[in-house]
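The values are calculated or read from the model by the stated rules, or taken from the named source; none is laboratory data. Not measured: the values here are computed from a predicted model. Don't worry about glycine lacking a Cβ; one is built from the backbone with ideal geometry, like all the others, and counts go over all protein chains shown.
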Amino acid sequence: MRYLVILVLFVLIILSACAQPTETAALPTPTSTPKEQADAVFAEARTRMVAEQIRARGITDPRVLAAMSKVPRHRFVPMDYLDEAYADYPLPIGYGQTISQPYIVALMTQYLALKPGEKVLEIGTGSGYQAAILAELTDQVYSVEIIEPLAERAATTLKALGYNVQIKIGDGYYGWPEYAPFDAIVVTCAPDHVPQPLIQQLKDGGRLVIPIGPPGFYQTLWLIEKKGEQVISTNLGGVRFVPMLGEH
Ligand code: SAH
């Protein structure tokens, strides 16, 4: 009788031990968190943005398309504009400044024709979005911003997302001589003439993409290439940018 009790107890212990994993496995799978759900919605919006605004308008560089598909633009726009993060227009980022329209970011980046390892300088860090796109294409990204709180916020956002971008607070008209020369320079605010320091800080074979024109109006986007002693300018069409600040 004693042996029977021990045997029954033993069997019960074994059964309960076996039952546990089954019970665990039968638990409902945890549903995704609100953050994961939001990320999925933003990812879908980003895919649509690349298809309808970028690819459909003729951007073909696969590395630029991949960068635009990857960088979470919603992390660079103010909370008030989250639902417009992937819309087809620029958005306010405070201090009278804007994050550029996605297509313009892609177009300017494509003209920079960056190869991995090349050194690129951006003038006008703003939200940091363009800098993040550049950081997807090369690990040598430098950016100058004249409005200190914008520079600080962009640095925080970029760091949180794991992007390695060197940011300087200052007047980008004068470039960043300590790190010159650059393979490419992109200017995201519009001066009314070409800043000579930027031409000087271009490498031989370097590319400068810059809007030039009177403040408050449409400007012309230029691709300026340095080839030996020659500087070749190509008109890329009309654009609208915030003016370059500072006295020049
Ligand atoms: N590339 C940015 C766009 C920012 S808008 C982005 O992806 O969000 C242009 C930026 O240029 C603004 O933040 C403005 O403060 C900055 N800016 C204007 N004049 C400048 C100057 N002289 N030097 C550096 N930055 C300047």
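A few comments on the model shown:
- Selection count where residues are more than 8 Å from the ligand (Cβ to nearest atom) and touching a residue at least 12 places away in the same chain (Cβ under 8 Å), scope the stretch 153-173: 13
- Residues satisfying the stated conditions in the stretch 66-82, i.e. surrounded by 13 or more Cβ atoms within 10 Å (Cβ to Cβ) and either farther than 19 Å from Leu161 by Cα or in contact (Cβ under 8 Å) with a residue 60 or more places away in the chain (or both): Ala66, Ala67, Met68, Lys70, Val71, Pro72, Arg75, Phe76, Tyr81
- Residue in the stretch 44-58 that is part of a loop (DSSP other than H, G, I, E, B), in contact (Cβ under 8 Å) with a residue 40 or more places away in the chain and either surrounded by 13 or more Cβ atoms within 10 Å (Cβ to Cβ) or over 17 Å from the mean Cα position of the chain (by Cα) (or both) present: yes
- Given (1) of a type in the set (Val, Ile, Thr); (2) more than 10 Å from the ligand (Cβ to nearest atom); (3) farther than 22 Å from Arg63 by Cα, number of the condition Ile146 does not satisfy: (2)
- Scanning the stretch 209-248 for residues that are within 15 Å of the ligand (Cβ to nearest atom) and in a strand (DSSP E or B) returns Val209, Ile210, Pro211, Ile212, Gln219, Leu221, Val239, Pro243.
- Ala184 being away from the ligand (no atom under 12 Å from the Cβ) and in contact with a strand residue (DSSP E or B) (Cβ under 7 Å, 6 or more places away or on another chain): yes
- The listed residue being more than 17 Å from Ile104 (Cβ to Cβ) and at pLDDT 50 or above, out of Ser32, Ser16: Ser32
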